[in-house]
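Peer 1: There's a structure below that I have some questions on.
Read the figures in this text as sums done on the coordinates, not as results from a lab. Please read all numbers here as calculations on a predicted model, not as lab measurements. Cβ placement follows ideal geometry from the backbone for every residue including glycine, while neighbour counts extend to all protein chains displayed.
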Amino acid sequence: MSKAVRKVMSTDRPKYKTSEVVDFVIVGSGAAGGVLAKELSTNGFSVVVLEQGPYLHESDFSHDEIKILYEDFLTNHPKLQPNTFRKTPQEKAKPQRALVYGRAVGGTSNHFTANFWRFHEIDFIERSKTGAIPGTTFSDWPITYGELEPYYAKVEWEVGVSGLAGASPFDPPRSKPYPMPPLPVKGSGVIFERAARKLGWNPFPAPMAILSQPRAGRSACVNCGFCLGFGCEVKAKSSSLVSMIPIAEKSGKCEIRPNSYVHKIELDERGRATGAIYFDQEKNIHLQKAKVVILSANGAETPRLLFLSSSSKFPNGLANSSGYVGKNLMFNTAAVSVAVMDEPLNDYKGFAVSRVLHDFYELDANKVGFYGGGGMDARYDMTPIGFAFGGLPPNSPRWGKDYKALLAHNFTRTFEIFGHGTSLPVMDNGFDIDPDVKDAWGLPALRLTYKDHPDDIKFAHWLADRSHELLDASGAKEKWTYPIGEQQFGVHLLGTCRMGSDPTTSVINADHQTHDVKNLFVCDGSSLVTSGRGQPTMTIMALAFRAADRIRTLAKRGDLNV
Amino acid sequence: MIPEIDRRQFLSRSLAAIGVTWTSAQWPAVLAAAEYAHKAAASPTPEKFEFFTREEAQEVAAITSCIIPSDGSPGAREAGVVFFIDRALVTFSSDDQKTYREGLPGIQKRLKELFSTATTFSLATPDQQQAVLESLDEAGSKSPPRRPRANFVAGSTAQPLFEVIRAHTIAGFLIDPDSDRKGNRGGVGWSVIHRMPDHGFQPPFGYYDKEYAGWKPASTAKDGNAK
């Protein structure tokens, strides 16, 4: 293609007709959907991305905490999209908000913390190494770290990750250094680093999907202090919205269609997907025809869509012959400890995390008495109103002059140790559709069933104990841990359409193709077999780069009719 | 495993740390309320309330002033929190209209129960106001801490007025002053918590990173994982 032609096409963003059979329809424009849209469209395929949320840009973002945290400006809305929760399949679920995910072009990558560790080799082969764990479906992945490594490098270079290669003695092998140096250290990072070294641990500069230097027309981070939960006004945070989607659109082969709420995958009489049925903003129903359908709607909405697409051929949910759709949900175990220092850190300035450690990535179950492993970071991810509601020590006054004095003293002197790690896959834990509660479109609501595996709870307490050791070494005068209890709410939505070689115990194969429907693919947090150690988005994006390569290979071979 | 925190000890230390900037002098609530009403009425373009009546606004302003008092540094009153709440009740918090409209007479009733000679909350003495709100604060400080986001997730529907007004007051005091929520006027809330008004900063950010020499590998990186 000549340069001139390419230029014309780049300004001529396609608007595909719904009746036109495009090569790919992708449901969801987040971490995975954005990468797939870019990779497939720049390789010449026609792509329509159906995103249920609006198409926002950096000028729409703001630091208004009400807008972000009460009005769910960037996220799923509990009034329009109610959820229900129960602990076990025997109970009737009660209405209760069960999850938060990004509901806008860019998905959750607009507002995430941007912690971007790679998974390590062990994450993919841990079942073989550890053995079976009672009460779980703990399994190896059908791919290895080595197979995913080139795609981790692609995420770092194409999406944009700041970090320091070789800084952690526990890092897995890498083919390339990071494209940018780490972000500046924060006060929390300095305190964490000094204390961890006293204990003989190995803190290192956090790999973050936030630009430390200007890159690809995007600004470096300006340290505004409204990061976790917020969209970035200067395009420094490496969301799909600013890193992938503009390239997809410039290809001239990709249409991003916002406010398009997909609720059914259409099949032909042979059981092949023919497109996606969705509501537009006015609740009119459309069918976008496509040769191949890819679901990247997140670990809750992807299984929900498969359940909503049940038919006589697939009575238990589309692509669910295994019974694994929606099951084995993993949230990642977390323990958050908080400390107050003598002097101001002013950690409200900047992004959340500047130092991490991975000394506990692999724990010996025989020594600690449970299965688990994870990392710890030093962070401050609270904004002023959030801090005033939840950032003060237990038993603090809640109003009046003592409350005000405590806010005034603690806001600049507080930081957190965030321990995060494995969750075990348990068959009964997951998302499906509620038999009674409906959303604002009249569709069955998401129902969460979840009860932590006992090892996850033990591991959370163990992480909190390590945080307290670290805080003892830091000289912090005040410290506490948020109560550790059973989880009933999640933001990491992992494992609900897991990848595997055995069609009876997995939903997709190693190419992200569903075992049951040849031209239906799933790629998002639901694809994960194990939970990793707490920071899944890096791996979701790497999987999406790899899935795009695999899909191109299948297409070349003529398997997909595109 | 996790040490219990002695609140009183902690508070006394916190207050000591604040030192000279702290003053226990209370602005007399009566005077402040009168001043506020006068100012609102005398303003060349008087601020109109979208939901509250003038009387309701006066009562709400007095309650917010107990939640975040103007005790030598600006409080809810200076931050214009009552205007924030008024706007909230016709926008993001319209579900709470009933809670305010039906709850305010309840506060008045409680005042009368406790102090038969008192007239309205805004005209009661600071001690009386404190006693009324303490009697309405069912959760007290015994409720366990929650992650900030979890607090938001819980929402404010079907909560007693005291809880709603407490949440609204805090939000109205600390909201981004550049937003159109009508709270945190002049950024006074942020100044109280020492949050600078800027939306961009350069390191060093504070005391602990001021003299940081830069990251270096540990001289004795451990071989293998710590167990």
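Peer 1: Between 0 and 90 degrees, rounded to the nearest ten: what's the tilt of helix A:187-198 against the longest Cα principal axis of chain A?
Peer 2: For helix A:187-198, the angle is close to 70 degrees.
Peer 1: Under a cut-off of 12 Å between alpha-carbon atoms, report the aspartates and glutamates in cross-link reach of B:LYS48, not counting same-chain residues fewer than 8 places apart.
Peer 2: Straight-line reach from B:LYS48, under 12 Å: B:ASP86.
Peer 1: Report the one residue of A:PRO214, A:PHE307, A:ILE122 whose Cα lies farthest in the direction of the positive end of the charge dipole of chain A (charges on C-beta: Lys and Arg +1, Asp and Glu -1; origin at the Cα centre).
Peer 2: My answer, from the dipole projection, is A:PRO214.
Peer 1: By per-residue mean of other Cβ atoms within 10 Å, what is the highest-first order of A:486-495, A:512-521, A:282-291?
Peer 2: Working: A:486-495: 21.4, A:512-521: 23.0, A:282-291: 16.0.
Order by mean packing, descending: A:512-521, A:486-495, A:282-291.
Peer 1: Shifting gears a bit: Relative to the compact globular guide of 2.2 N^0.38 Å, what is the alpha carbon radius of gyration of the protein assembly as shown, as a ratio?
Peer 2: Numbers: Rg = 27.0 Å, N = 789, 2.2 N^0.38 = 27.8 Å.
The value comes to 0.97.
Peer 1: Please order A:HIS111, A:HIS358 by the number of other Cβ within 10 Å, starting at the fewest.
Peer 2: By the 10 Å Cβ count, ascending, the order reads A:HIS358, A:HIS111.
Peer 1: For A:LYS198, which aspartates and glutamates qualify as cross-link partners when the Cα separation must be under 14 Å and same-chain residues fewer than eight apart are set aside?
Peer 2: A:ASP359, A:GLU469, A:ASP472
Peer 1: Follow-up. If you average the sequence gap of Cα pairs under 8 Å that are 6 or more apart and divide by the length of segment A:1-159, what percent do you get for the contact order?
Peer 2: Answer for segment A:1-159 is 18 percent.
Peer 1: Per residue of B:59-68, what is the mean number of Cβ atoms on other protein chains within 10 angstrom of that residue's Cβ? Could the numbers behind the result be given before it?
Peer 2: On the way: counts 0, 0, 0, 0, 1, 1, 0, 3, 5, 7.
Mean inter-chain Cβ contacts per residue within 10 Å come to 2.
Peer 1: Something else about it: Counting pairs of alpha carbon atoms under 8 Å apart in space and at least six apart in sequence, what relative contact order in percent does chain A give? Don't skip to the end; give the middle numbers.
Peer 2: On the way: 1383 pairs, mean separation 128.1, N = 562.
Value for chain A: 23 percent.
Peer 1: Give me a single rounded figure for B:173-183: the average over its residues of other chain Cβ atoms within 10 Å of their Cβ.
Peer 2: Details: counts 5, 10, 8, 10, 1, 3, 6, 3, 4, 0, 2.
For peptide B:173-183, the averaged partner shielding equals 5.
Peer 1: Mean residue ellipticity at 222 nm from the helices of the protein assembly as shown, using -39,500 (n - 2.57) per DSSP H segment of n ≥ 4 over the full residue count, to the nearest 500 deg cm²/dmol?
Peer 2: Values: 22 runs with 235 residues, N = 789.
That comes out to -9000 deg cm²/dmol.
Peer 1: A follow-up question, please. List the pairs from A:LYS283/A:LYS438; A:LYS94/B:LYS98; A:LYS367/A:LYS458 whose alpha-carbon separation is above 23 Å, in the order I gave them. List each step's numbers first, then the result.
Peer 2: Working: A:LYS283/A:LYS438 15 Å; A:LYS94/B:LYS98 25 Å; A:LYS367/A:LYS458 13 Å.
Correct reply: A:LYS94/B:LYS98.
Peer 1: Quick one: check the C-alpha center-to-center distance for segment A:52-72 versus segment B:99-127, whole angstrom.
Peer 2: Each part reduced to its Cα centre gives a spacing of 39 Å.
Peer 1: Between segment A:493-562 and segment A:240-291, what is the separation of their alpha carbon centroids in Å?
Peer 2: Taking the Cα centre of segment A:240-291 as reference, the centre of segment A:493-562 is 18 Å away.
Peer 1: Describe numerically, in nm with one decimal, the distance between label points set 7 Å from Cα along Cα→Cβ at A:GLN488 and at B:ASP95.
Peer 2: Label-label distance for A:GLN488 and B:ASP95, simple model: 1.6 nm.
Peer 1: Based on other C-beta atoms within 10 Å, arrange A:MET180, A:MET541 from fewest to most. Don't skip to the answer; put the middle values down first.
Peer 2: On the way: A:MET180 21, A:MET541 31.
Lowest to highest Cβ neighbour count: A:MET180, A:MET541.
Peer 1: Just want the answer: with Cβ charges of +1 for Lys and Arg and -1 for Asp and Glu, which residue in A:GLY53, A:ASN298, A:GLN96 is farthest toward the dipole's positive end in chain A?
Peer 2: Of the candidates, A:GLY53 comes out farthest on the positive side.
Peer 1: Quick one: which residues, 5+ away or cross-chain, put their amide H under 5 Å from the amide H of A:ALA445? H built at 1.01 Å from N.
Peer 2: HN-HN under 5 Å from A:ALA445: A:ASP434, A:VAL437, A:LYS438, A:ASP439.
Peer 1: Residue by residue through A:220-226, how many Cβ atoms from other chains fall within 10 Å of the Cβ on average?
Peer 2: On the way: counts 0, 1, 5, 7, 4, 7, 2.
Mean partner shielding for this stretch: 4.
Peer 1: Along Cα→Cβ, 7 Å out, is where each label goes; now give me the distance between the ones at A:SER501 and A:ASP436 in nm to one decimal.
Peer 2: Once both label points are built, they end up 4.6 nm from each other.
Peer 1: Output the pairs from A:LYS67/A:LYS237; A:LYS313/A:LYS518; B:LYS112/B:LYS182; A:LYS479/B:LYS210; A:LYS154/A:LYS253 with a Cα-Cα distance over 26 Å in this structure; if there are none, say none. If you can, show how the numbers build up before the last one.
Peer 2: Working: A:LYS67/A:LYS237 19 Å; A:LYS313/A:LYS518 15 Å; B:LYS112/B:LYS182 32 Å; A:LYS479/B:LYS210 23 Å; A:LYS154/A:LYS253 21 Å.
Listed pairs above 26 Å: B:LYS112/B:LYS182.
Peer 1: Tally Lys/Arg at +1 and Asp/Glu at -1 over every other residue whose Cβ is under 14 Å from the Cβ of A:LYS94; what's the total?
Peer 2: Working: positive: A:ARG86, A:LYS87, A:LYS92, A:ARG97, A:ARG447; negative: A:GLU91, A:ASP434, A:ASP436.
Combined, the nearby Lys, Arg, Asp and Glu give +2.
Peer 1: So for the pair A:GLN281, A:LYS313, with labels modelled 7 Å out along Cα→Cβ, what separation do we get in nm?
Peer 2: Here the answer is 3.5 nm between the modelled labels.
Peer 1: Sort out for me the Cα centre separation of segment A:117-168 from segment A:301-374, rounded to whole Å.
Peer 2: Each part's Cα centre sits 14 Å from the other's.
Peer 1: Can you list the aspartates and glutamates whose alpha carbon sits under 16 Å from that of A:LYS451, skipping same-chain ones fewer than 8 residues off?
Peer 2: A:GLU91, A:ASP428, A:ASP432, A:GLU486
Peer 1: Do you know the relative contact order of segment A:159-317, to the nearest whole percent, from alpha carbon pairs under 8 angstrom that are 6+ apart?
Peer 2: Numbers: 208 pairs, mean separation 23.2, N = 159.
Reported as a whole number, the value is 15 percent.
Peer 1: Could you tally the net charge around A:VAL242, taking each other residue with its Cβ under 10 Å from the Cβ of A:VAL242, Lys/Arg +1 and Asp/Glu -1? Intermediate results must be reported in sequence, preceding the final value.
Peer 2: Numbers: positive: A:ARG218, A:LYS235, A:LYS237; negative: A:GLU58.
Taking every Cβ under 10 Å from that of A:VAL242, the sum is +2.
Peer 1: Could you give the size of the charge dipole of the protein assembly as shown about its Cα centre, using +1 on the Cβ of each K and R and -1 on the Cβ of each D and E, expressed in debye and rounded to the nearest 20? All intermediate terms of the calculation are to be shown ahead of the outcome.
Peer 2: Working: 90 positive and 87 negative charges, 242 e Å.
I would put it at about 1160 debye.
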